[in-house]
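The structure under discussion appears below in the form of structure tokens.
The values are calculated or read from the model by the stated rules, or taken from the named source; none is laboratory data. These numbers were taken from a predicted model, which means no experiment stands behind them. A quick note on method: Cβ atoms are made from the backbone with ideal geometry, for glycine too, and the neighbour counts reach across all protein chains shown.
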Amino acid sequence: MSHMTHSLLRVVQAGPLALVVDGGRFGVRHLGVTQGGAADWVSFHWANWLLGNALDAAALEIVLGGGLTLEVEQDATLALAGADLDARLDDRPLAPGTTFAVMAGQRLSFHQPRDGLRAYLAVPGGLATPVVLGSRSATPREQLGGPRGDGSALGDGDRLEWNPCQVRGRRLPFGSAQGVTLRGNQLALVPGAQIGHFSGTSLYRAFNATWRIDTRADRMGVRLLGPELRCRLGSMVSEGIPMGAVQVPPDGQPIVLLNDRQTIGGYPRLGALTPLAAARLAQCLPGKEVGLMAISRERALASYRSCLEAFR
Amino acid sequence: MTHGARIELAAMDVLMVRLFDDIDESNMSWIVAADRALRDAFGDLLIDLVPSYTTLMLHYDCLRLTHGEAKARIEAVLSRLEPAAAGLGRRHEIPVWYDLSVGPELERVAERTGLSVEEVVQRHCGRDYYVFALGFAPGYSFMGMVEETLAVPRLKTPRRRVAAGSVGIADRQTAIYPLLSPGGWNILGRTAVPLFEHARSGEPLLLPGDRVRFMAISRSEFERQGGNTIPLEAAL
């Protein structure tokens, strides 16, 4: 790491899971390397936007909170977006969607999810961790990215550093879409070519049933519990898996594949969630009830574009 | 071009180019050719292209290219596609130490096939394998086809930990685990070739269309190459 970096946050207690993330690792899927990156990319963008950073600058994705405690080693301005994990600066509560000044010696801590699952902590200019295969995102299973470049999640005693730079702190515009991924329980899905192989009853169920988020949910994929779906295709020859793919293994319970999914797989798919829906799913705690809603590719793209407009 | 190629919608900004329906070694010259031609045709509008046994999944930049334009580019590529000449991929010889201590399923495969352990090793080394696809982990290559007599299904219960360098078979496929991971393949031996380090640098040793020949080596040769001799079943 360069001599210009500051040691700014020291991990006193790592909590259940905190990862260095950026926009993800692209152009390497053909090597068997997963995408990684911020699971709720919308909140992640807001965290960076608040500091005037590049929207894809590396930040911290904090899952659940669970006692993660960071000690401030130098004064700075930071930003928080996404889930409300009962964050506090010493004893002062911090609201998601704000920038705040921190002073050396203060402690920043995250406790329990009150709304959503993943919070994003952005630092001026982005975290200066090693770039591996074009990205700083940590993917523990693949041993790539993160504080040491070896894929590890944040651990006790780790130090987070960044290059000193001028901060242009912003306030959220009135009615801004920060928090949009924490609201709503309809997940929009663009139907894929294999949808015709599902039985009519299964399709009716897929889009009308209430699906419950299983406890088997992580950055690779999220299982949905509900009625059994049947597809005439059993297992198929393995092929590339897009982000948000809703695959249905033989047990009939869909799995939505997210950022850290395997690059290829062989289960039939209903289609793929839109980028906004995938971000929304990443904020769902186990037990939450959601619905799947089919929308056209054109509508998905229009909604994606308008979502990006907010950051201009 | 191949007859019956299809372009399917996979996601808002992802198209699946389906060239074949079944796995076959002869697919690879077409898949490799399509991979190259699609990369050329899309240039920096391509976000990711994932070739597999019968398909290529194409993720394009939907903010700069419409769905119609993306489809038209793919159709143009397919209409003038010629199979890549055989041998365009590289051929690799990969040394493997076949031993029960690092290849605990040598006996299972021998039992199931009625062959001796020596014959299992000989047959696994007895032919060139095509790399069909990369996936599962950085640099993990799915290769085939394994001789029909050696085809043994994967373990009922996958192992939680398979050592880096482990060489395994499942049905008619063979693969090397680049890094410590869970896995359910029948492990026959171990190689010292640093597949993960290659993948991590962005230049994997094995690419789709390459051919691989395994060479049986002794324990001392394996150690000389820097191989890790800790038995698979030991705590890793």
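I'm checking my understanding of the structure. Among residues of segment B:177-211 that are in a strand (DSSP E or B) and of a type in the set (A, V, I, L, M, F, W, C), which one is farthest from the other protein chains (Cβ to nearest Cβ)? Looking at the filtered set, the residue picked out is B:Leu188. Every condition in (1) surrounded by fewer than 22 Cβ atoms within 10 Å (Cβ to Cβ); (2) among the aliphatic types (A, V, I, L, M); (3) out of contact with any His (no Cβ under 9 Å at 6 or more places or on another chain) is met by A:Val190 except one, and the failing one is (1).
If you go through segment B:57-95 and keep only what is basic (Lys, Arg) and away from chain A (no Cβ under 14 Å), you end up with B:Arg73, B:Arg80, B:Arg90, B:Arg91.
The residues in segment B:90-103 that are part of a loop (DSSP other than H, G, I, E, B) and at pLDDT 95 or above can be counted, and the count is 5. A residue that is charged (D, E, K, R) and in contact with a helix residue (DSSP H, G or I) (Cβ under 7 Å, 6 or more places away or on another chain) can be found somewhere in segment B:5-12.
With respect to the conditions (1) within 13 Å of another protein chain (Cβ to nearest Cβ); (2) over 23 Å from B:Tyr130 (Cα atoms); (3) free of Cβ contacts under 8 Å to residues at least 40 places away in the same chain, B:Thr54 lacks only one, and its number is (2). Do we have any residue at all in segment B:145-168 that's within 15 Å of the chain's Cα centre (by Cα) and within 14 Å of chain A (Cβ to nearest Cβ)? Yes; the residues of segment B:145-168 include at least one that is within 15 Å of the chain's Cα centre (by Cα) and within 14 Å of chain A (Cβ to nearest Cβ). Can you go through B:Leu58, B:Leu45 and tell me which one is surrounded by fewer than 16 Cβ atoms within 10 Å (Cβ to Cβ) and in contact with a strand residue (DSSP E or B) (Cβ under 6 Å, 6 or more places away or on another chain)? Of B:Leu58, B:Leu45, the one residue that is surrounded by fewer than 16 Cβ atoms within 10 Å (Cβ to Cβ) and in contact with a strand residue (DSSP E or B) (Cβ under 6 Å, 6 or more places away or on another chain) is B:Leu45.
For segment A:2-23, which positions are surrounded by 24 or more Cβ atoms within 10 Å (Cβ to Cβ) and either assigned to a loop (DSSP other than H, G, I, E, B) or within 11 Å of chain B (Cβ to nearest Cβ) (or both)? Listed by number, the list holds a single entry, A:Asp22. Across segment B:190-236, what is the number of residues that are in contact (Cβ under 8 Å) with a residue 12 or more places away in the chain and either more than 22 Å from B:Val121 (Cα to Cα) or of a type in the set (Ser, Thr, Tyr) (or both)? Number of matching residues: 13. Applying the criterion of being within 12 Å of chain A (Cβ to nearest Cβ) and over 18 Å from B:Leu207 (Cβ atoms) to the residues of segment B:18-42, the residue that is surrounded by the fewest Cβ atoms within 10 Å (Cβ to Cβ) is B:Asp22. Is it the case that segment A:249-262 has a residue that's closer than 27 Å to B:Ala133 by Cβ, at pLDDT 95 or above, over 19 Å from the mean Cα position of the chain (by Cα) and facing another protein chain (nearest Cβ under 9 Å)? Looking for residues that are closer than 27 Å to B:Ala133 by Cβ, at pLDDT 95 or above, over 19 Å from the mean Cα position of the chain (by Cα) and facing another protein chain (nearest Cβ under 9 Å), one finds none in segment A:249-262, hence no. Looking across segment B:171-192 at every residue that is modelled with pLDDT under 95 and among the aliphatic types (A, V, I, L, M), the one that is surrounded by the fewest Cβ atoms within 10 Å (Cβ to Cβ) is identified as B:Leu180. Going through (1) without any contact (Cβ under 8 Å) to a residue 24 or more places away in the chain; (2) assigned to a strand (DSSP E or B) one by one, A:Gly271 falls short only on (1). Taking residues in segment A:32-54 that are farther than 13 Å from A:Ala122 by Cβ, and partners anywhere that are acidic (Asp, Glu) and surrounded by fewer than 24 Cβ atoms within 10 Å (Cβ to Cβ), the pairs with Cβ atoms closer than 8 Å and at least 6 places apart or on different chains are A:Thr34/A:Asp260; A:Gln35/A:Asp260; A:Gly36/A:Asp260. Of all residues in segment A:24-59, those satisfying the criterion of being touching a Phe, Trp or Tyr at 6+ places or on another chain (Cβ under 9 Å), within 14 Å of chain B (Cβ to nearest Cβ) and within 23 Å of A:Leu308 (Cβ to Cβ) are A:Gly24, A:Gln35, A:Gly37, A:Leu55, A:Asp56.
Search segment B:1-21 for residues being at pLDDT 95 or above and charged (D, E, K, R), and hand back the single one that is nearest to the chain's Cα centre (by Cα). Among them, the one singled out is B:Arg18.
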